[in-house]
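Peer 1: Have a look at this one.
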Amino acid sequence: MTENFRDVLLRGERLVADGATGTNYQARGLARGQAPEEWLFQEPDKVTGLHRDFIQAGSNVILTNTFGGTAMRLAHAGLENDAANVNRRAVELARNAINGERAWVAGSIGPSGALLEPFGTLTRDEAIAQFAAQARALVDGGVDLLIIETQFDMGEATAAFEGARSVTDLPIILSFSFDMGTNTMMGLKAGQVAKEVTALGADMVGVNCGRSLDENFINLQEMRAATHLPIWMKPNAGLPRMTDDDIAMYDVTPEMMGEAAARWLEAGAQIVGGCCGTSPEHLRSIAHAVEASRVRA
Ligand SMILES: [Zn+2]
């Protein structure tokens, strides 16, 4: 039986999250424009296989393949009437992949894909209902925690948190993508994000995806200065270059990612992993950095 995730978090143990879902699925045959969640039913062995590859690389916080798992976002793949089943199935596959290893399942909740009023047409109540329904299905499936990730708008992030918190007392992490470098698309800065997330009562705040390792390091430092909450750090391997064959190439090597991870830990991150462009090899390198930091501690 794996220990309670909140206990592990509160005693400050450093953990390794996983790497990218989308870019690794694409490398394993996911068609452009296909929703990753479709693979839960079409290619379950590949879903479990990527989870296993990350666990073997040293990851111990595994994210479910449910980034686009709100009913409104699943509508793009025609799965909106099957949303609860999508989320429960994703937890089951992650749980199977863990297979007795010391690891926890984090239910991934990404943006709804729509903008909240007044920028778009999604009402706050509808957003809360969408996120609450997804969180409930993930919790019913048996997750250990929830990660509301790649947020950029505080209105949507707080709606997601409120929806998720209305159905569970499990730990909830809120992480933001600073797509403009040191601002989110809606202009939020990391220090401000950290303060607001702390006031909300989330268990952990963090950085994911974004633009470059250097900029994300600044975001991490700004968060560390603004909150006492534990920090989650899961940046991308920089932005991709597109080849002539329309393949995304990432220039950050596993070795570079491992060196960066050592700096994140020194700067106060507690759970570290990778976003777009990070393969199991990148995660192996990050896991080595965590291990080395434990030896030094
Ligand atoms: Zn990403």
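What follows is calculated from the coordinates using simple rules that are stated; it is not laboratory data. Fair warning: this is a prediction, and the values are worked out from it, not measured in the lab. Glycine gets a Cβ as well: all are built from the backbone with ideal geometry, and neighbour counts include every protein chain shown.
Peer 1: Please work out, to two decimal places, the log10 of the ratio I(q)/I(0) at q = 0.21, 0.33 Å⁻¹ from a Debye calculation in which every Cα of the range 53-95 carries one identical scatterer.
Peer 2: -0.66, -1.10
Peer 1: Something else now. With θ taken as phi - 60° and the coefficients 6.51, -1.76 and 1.60, list the Karplus ³J(HN,Hα) couplings across the range 99-116 in order, rounded to whole Hz; mark glycine and proline as x.
Peer 2: Once rounded to whole Hz, the list reads 6, x, 5, 7, 7, 10, 9, 9, x, 7, 10, x, x, 5, x, 10, 8, 6.
Peer 1: Ranked highest first by the average count of other Cβ atoms within 10 Å around their residues, in what order do 168-179, 260-271 fall? Provide the component values of the computation, followed by the final result.
Peer 2: Details: 168-179: 22.5, 260-271: 19.9.
Final packing ranking: 168-179, 260-271.
Peer 1: Counting Lys +1, Arg +1, Asp -1, Glu -1, what net charge surrounds Ala71 among other residues with beta carbon under 11 Å of its beta carbon?
Peer 2: Here the count lands on -2.
Peer 1: Choose one of Leu200, Gly163, Ala127: the residue whose Cα lies farthest towards the positive end of the charge dipole of the range 124-280 (beta-carbon charges +1 Lys, Arg; -1 Asp, Glu; about the Cα centre).
Peer 2: The one lying farthest along the dipole's positive direction is Leu200.
Peer 1: If you don't mind, another one. If I stretch the segment between Asp45 and Leu200 completely, what's the gain in nm (0.36 nm per residue apart, minus their alpha carbon distance), one decimal?
Peer 2: 52.0 nm
Peer 1: When the Cα centres of the range 112-136 and the range 1-57 are compared, how far apart do they sit, in Å?
Peer 2: Answer, in whole Å: 25.
Peer 1: Moving to a separate point now. Near Lys195, which aspartates and glutamates are there with a Cα under 14 Å away, not counting those fewer than 8 places off in the same chain?
Peer 2: Within reach: Asp203, Glu222.
Peer 1: Under 5 Å between amide H atoms, partner at least 5 residues away or on a different chain: which partners does Gln151 have, H built in plane at 1.01 Å?
Peer 2: Residues meeting the amide H criterion: Ser175, Phe176, Ser177.
Peer 1: Using a Förster distance of 30 Å, how high is the FRET efficiency between Ala31 and Met249, based on the Cβ-Cβ distance and rounded to 0.05?
Peer 2: 0.95
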